[in-house]
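Asker: Provided herewith is a single structure, encoded as structure tokens, for subsequent inquiry.
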Amino acid sequence: MSGLRFVSVLIVRFKKEFIKTKEINMGIEVTGQDMIVELAKLRENLETRIASDENRRIEFAKAFNWLKKRNTYDYQDEYRTPTWTEIFVEIGKLLSVRDFRNLEVCVSLLRSDLENLKSKIKKDGHSN
């Protein structure tokens, strides 16, 4: 059951069961109407969070150029909505490549320093 559907079911249940009853929650009286108002706020908050989550995932799809598969007569590219697992895997790959490139740069710098030391030793007349 999706999150929005779940909240909708809760609202219907509260309307049917708790509108005429009162609950005491931490010393504050809460009516059924108050619960409905709070559930409406939660539902709105959930909807905005779901929309922002999807927008973030689509932005990652744009960054990684993840397009939907096209049919024969589709002329427009659409970005697919990836899962967070796909996003984190791709970010992990990029981080490992970056670390490997940094390692290659460090090794090449060490090799050039070693060659410089060897040439300096040869100039000083030491034999090895």
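Asker: Does Ile121 satisfy being touching a residue at least 24 places away in the same chain (Cβ under 8 Å) and in a helix (DSSP H, G or I)?
Answerer: For Ile121, the condition - touching a residue at least 24 places away in the same chain (Cβ under 8 Å) and in a helix (DSSP H, G or I) - is not met.
Asker: Given the conditions (1) within 38 Å of the chain's Cα centre (by Cα); (2) part of a helix (DSSP H, G or I), report the number of the one that Arg70 does not fulfil.
Answerer: Of the numbered conditions (1) within 38 Å of the chain's Cα centre (by Cα); (2) part of a helix (DSSP H, G or I), the odd one out for Arg70 is (2).
Asker: Would a scan of segment 77-98 turn up a residue that is modelled with pLDDT under 80 and over 25 Å from the mean Cα position of the chain (by Cα)?
Answerer: no
Asker: Here is a check on your reading of the model: is Lys122 of a type in the set (D, E, K, R), surrounded by 11 or more Cβ atoms within 10 Å (Cβ to Cβ) and in contact with a strand residue (DSSP E or B) (Cβ under 9 Å, 6 or more places away or on another chain)?
Answerer: No.
Asker: Is at least one residue of segment 41-58 of a type in the set (Gly, Ala, Ser), out of contact with any Leu (no Cβ under 8 Å at 6 or more places or on another chain) and modelled with pLDDT under 90?
Answerer: no
The values are calculated or read from the model by the stated rules, or taken from the named source; none is laboratory data. Predicted model, so just to flag it, every value in this text is computed and none were measured. In this analysis, Cβ positions are derived from the backbone assuming ideal geometry, glycine residues included, and neighbour counts consider all displayed protein chains.
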